Amino acid sequence: MISNHYDWVPGGPPPLIKRHSEVKHSLLRSYLVDYFLTLVSSPAQDRIKLTIVDGFCGGGCYVNGAGERVPGSPLVILNAMREAQAKVMDLQQRRKEIHFDVELVCIDESADAIAYLRGELDAQGYGHALHSGSVKLHCGTFAKLAPQIVQRATERSPRSGRAIFVLDQYGYKAVPQSALALIFRTLPSAEVILTFNVDALINYLSPGTLSAFERRTGFTGAVTAADLDRGTRGPGWRHHIQSSLYSTITGSSGADFFTPFFIRPERGHGDFWLLHLSKHWKARDVMAQAHWQHHNHFGHYGPPGLDMLRTGYAAVINRESSPQATFQFDDVARAASTDAMLAQIPRKLAARPNGIPFGEFFLSHINSTPATMKMVEASVLELVRAKEIQVVDTVGAIRSVRTSLRPNHIIRLPSQKSFAFI
Ligand SMILES: C[S@@+](CC[C@H](N)C(=O)[O-])C[C@H]1O[C@@H](n2cnc3c(N)ncnc32)[C@H](O)[C@@H]1O
């Protein structure tokens with residue numbers, strides 16, 4: 001039983017928000033604001049169209065430790081849209097309004113949560129949005145409603161298929177593989193932000209419960225009964241299971257880009273992942289930036305630099321068989337990432353004597369680094385200034401590049417250094 005359930009009782013006071021939910025909300029807000037700013041990159045644009053699905057929406061309101069009312073995820077999303085609109089107007093010094101043509105679809109299996117949310121939306125001035133249908137409320141389970149919601153998002157944006165799914169389940173079994181695969185197969189610009197309570201799952205799994213989990217979720221083959229056998233499991237079994245589950249979930253989702261970071265909630269409730277899955281590298285990069293902004297609460301296990309997932313998620317353990325100190329997305333982690341990249345990049349380029357376009361180099365490491373494109377670019381430029389790396393154009397002429405790289409700039413070791421690492 002997972003002990004972090006919330007109850008919304010119509011007419012009653014809102015539930016007390018848990019710290020980890022506040023953390024998720026601030027990440028969601030900052031990610032969405034950056035997402036909109038990235039989408040509206042040109043002042044000539046006057047409209048963007050997408051669907052946002054809050055698949056486990058809750059009642060839309062909490063009270064915090066100081067007794068103040070704070071918004072739940074549907075309101076966090078609507079407020080982020082307002083904030084982004086104001087920022088776009090300001091940053092681009094626009095005269096022309098930008099119209100966010102967004103349909104927000106809220107789903108919850110609890111009729112009470114939906115009723116609470118309806119009241120909250122009305123109270124917060126979003127009654128007109130309910131009336132016009134730009135906010136839609138559905139009572140039911142996400143897995144059952146997913147096909148009709150994906151269909152609706154496709155009808156709204158047949159070409160771009162632009163949609164964000166916020167799937168904040170309590171545990172680990174309410175978002176099956178089939179729903180993720182449907183989203184990514186149907187919607188070319190879809191993104192999913194998925195809560196997955198990995199420690200609760202590992203505590204629940206046993207040789208006897210494994211097949212029920214697999215049948216329910218479709219995440220098959222990640223874990224074997226032998227992995228779970230108390231008599232035979234080795235010291236790193238927990239991390240081995242995390243690593244294998246992570247690969248199965250991301251690999252079978254149909255997404256191409258991922259962030260595998262986790263939140264460690266208060267009082268030892270166990271780590272859960274906040275996985276971001278997408279079809280576009282830029283979305284992944286914007287999410288990685290958001291993690292760096294919220295460094296106090298997010299982490300990942302493993303080394304800094306370009307190869308954090310070289311041995312699989314969380315597979316790096318020390319001699320005492322406990323996880324390495326977690327990577328905290330803070331200044332220490334930033335410095336460690338830079339140091340690691342300054343050593344790793346020349347080694348990797350040694351295997352490419354003809355060089356590699358910077359864009360291709362970055363994409364070949366994106367799913368296994370906590371660094372953003374800007375951070376990798378900064379490390380490459382530092383190596384260029386130190387004459388450890390050359391930048392050449394497509395015909396091999398050396399380019400004097402100091403401050404920014406283009407994706408088609410070819411980076412390579414200077415010819416006399418090509419053999420230094422072999
Ligand atoms: C963690 S709470 C959601 C909190 C909300 N996303 C927020 O951040 O304010 C999870 C919600 O999911 C609902 N729920 C549980 N199982 C569900 C399912 N299979 N489909 C849809 N909703 C579900 C619960 O009723 C609960 O309101």
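The values are calculated or read from the model by the stated rules, or taken from the named source; none is laboratory data. Remember, predicted model here, so these are calculated numbers, not experimental data. Positions of Cβ are generated from backbone atoms using ideal geometry, with glycine treated the same way; all protein chains shown enter the neighbour counts. Just the protein is used for accessible areas: all its heavy atoms, side chains included, with ligands, DNA and RNA removed. Shrake-Rupley method; radii C 1.70, N 1.55, O 1.52, S 1.80 Å.
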Worksheet item: Taking into account only those residues within the stretch 49-72 that are open to solvent by 10 Å² or more (accessible area, probe 1.4 Å) and outside any loop (DSSP other than H, G, I, E, B), which is farthest from Leu121 (Cα to Cα)?
Response: Lys49
Worksheet entry | Residue check, Pro14 surrounded by 15 or more Cβ atoms within 10 Å (Cβ to Cβ) and part of a loop (DSSP other than H, G, I, E, B) | yes
Worksheet item: Out of all the residues in the stretch 167-190, which are within 16 Å of the ligand (Cβ to nearest atom) and either at pLDDT below 95 or open to solvent by 10 Å² or more (accessible area, probe 1.4 Å) (or both)?
Response: Asp168, Tyr170, Gly171, Tyr172, Lys173, Ala174, Pro176, Gln177, Ser178, Leu182
Worksheet item: Is there a residue in the stretch 196-210 that is open to solvent by less than 30 Å² (accessible area, probe 1.4 Å), part of a loop (DSSP other than H, G, I, E, B) and either at pLDDT 95 or above or outside the structural domain of Asp256 (by TED's automatic domain parsing) (or both)?
Response: no
Fill in: Qualifying position, being open to solvent by less than 60 Å² (accessible area, probe 1.4 Å), assigned to a helix (DSSP H, G or I) and either among the polar types (S, T, N, Q) or touching a Lys or Arg at 6+ places or on another chain (Cβ under 7 Å) (or both), among Leu37, Leu78, Leu28
Leu37
Discussion item. Return the pair list, or none, for Cβ contacts closer than 7 Å from residues in the stretch 361-373 that are β-branched (Val, Ile, Thr) to residues that are open to solvent by less than 10 Å² (accessible area, probe 1.4 Å), at least 6 apart or on different chains.
Written reply: Ile366/Arg284; Thr369/Gly305; Thr369/Leu306; Thr369/Met308; Thr372/Asp285; Thr372/Ala288
Fill in: Any hit, the stretch 232-247, residues being buried (at least 18 other Cβ atoms within 10 Å of the Cβ), within 16 Å of the ligand (Cβ to nearest atom) and not in a loop (DSSP other than H, G, I, E, B)
no
Discussion item. Condition first: in contact with a His (Cβ under 8 Å, 6 or more places away or on another chain) and away from the ligand (no atom under 11 Å from the Cβ). Now tell me which residues in the stretch 49-91 satisfy that.
Written reply: none
Discussion item. Let me spell it out: the conditions are (1) modelled with pLDDT of 95 or more; (2) more than 16 Å from the ligand (Cβ to nearest atom); (3) outside the structural domain of Gln148 (by TED's automatic domain parsing), and Gly11 meets all of them except one. Which number is the exception?
Written reply: (1)
Worksheet item: Which one is farthest from the ligand (Cβ to nearest atom), of the residues in the stretch 92-143 that are closer than 19 Å to Val9 by Cβ and open to solvent by less than 10 Å² (accessible area, probe 1.4 Å)?
Response: Leu121
Worksheet item: In the stretch 144-166, which residues are near the ligand (Cβ under 10 Å from one of its atoms) and either assigned to a helix (DSSP H, G or I) or at pLDDT below 95 (or both)?
Response: Lys144, Leu145, Ala146
